[in-house]
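The values are calculated or read from the model by the stated rules, or taken from the named source; none is laboratory data. Just so we're clear, the structure is a prediction, and the values are computed from it rather than from any experiment. Cβ coordinates were reconstructed from backbone atoms using ideal geometry, including for glycine residues, and neighbour counts include every protein chain displayed.
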Amino acid sequence: MKVTDVSAKQPTEQTVAANEEVYALLDLSDEREKECAQKGPLAAPDALEIKDENGKIVWSQTAYAFLEGDAPDTANPSLWRNAQLNHIYGLFEVTDGVYQVRGVITYNYKGKRKTLKLKDIKDGSDLKESAPPHA
């Protein structure tokens, strides 16, 4: 899977000016949103990817590994940070008895059950079934 080189182009003067306004407006050192996004992890696959019927990877979270660094000058720092938070994936306990699967393509699944069932979105087969730790 091809990964885009985010440092390939230089930003325009307008982009630099717009991003400077964002940096001045937002406190990007505030880690509260990141702490919330990382709270309550229960399980996550080592690699989150989707393969076609021939086994070729057609979508992968690893393609977004470039988000782990600081925003390049060409990217809006607020959008970059949002993308970093969306890159956190797995099964999370949001609050007591409420669970959420994050980062599976663009879907989020929520549920409040005694048993959680994860299904493959492509063929509907069961991926995993487990009782939450507090069930």
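Key figures for this structure:
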{"read-out": "The one condition in (1) of a type in the set (D, E, K, R); (2) within 26 Å of E21 (Cα to Cα); (3) loosely packed, with under 15 Cβ neighbours inside 10 Å that R81 fails to fulfil", "value": "(3)"}
{"read-out": "Residue match in the range 9-21 (condition: of a type outside the set (F, W, Y), more than 21 Å from the chain's Cα centre (by Cα) and at pLDDT below 90)", "value": "yes"}
{"read-out": "Tally of residues being under 21 Å from E49 (Cα atoms) and in a helix (DSSP H, G or I) across the range 72-89", "value": "5"}
{"read-out": "Selection within the range 19-51 - in a loop (DSSP other than H, G, I, E, B), surrounded by fewer than 13 Cβ atoms within 10 Å (Cβ to Cβ) and either touching a residue at least 60 places away in the same chain (Cβ under 8 Å) or not hydroxyl-bearing (S, T, Y) (or both)", "value": "L26, D27, D30, E31, K39, D46, A47"}
{"read-out": "Matching residues, the range 52-71, being part of a helix (DSSP H, G or I) and among the hydrophobic types (A, V, I, L, M, F, W, C)", "value": "A63, A65, F66, L67"}
{"read-out": "Top-ranked residue of the range 43-66 - restricted to ones that are of a type in the set (A, V, I, L, M, F, W, C) and touching a Phe, Trp or Tyr at 6+ places or on another chain (Cβ under 7 Å), ranked as modelled with the highest pLDDT", "value": "A44"}
{"read-out": "T95 being over 19 Å from K39 (Cα atoms) and of a type in the set (V, I, T)", "value": "no"}
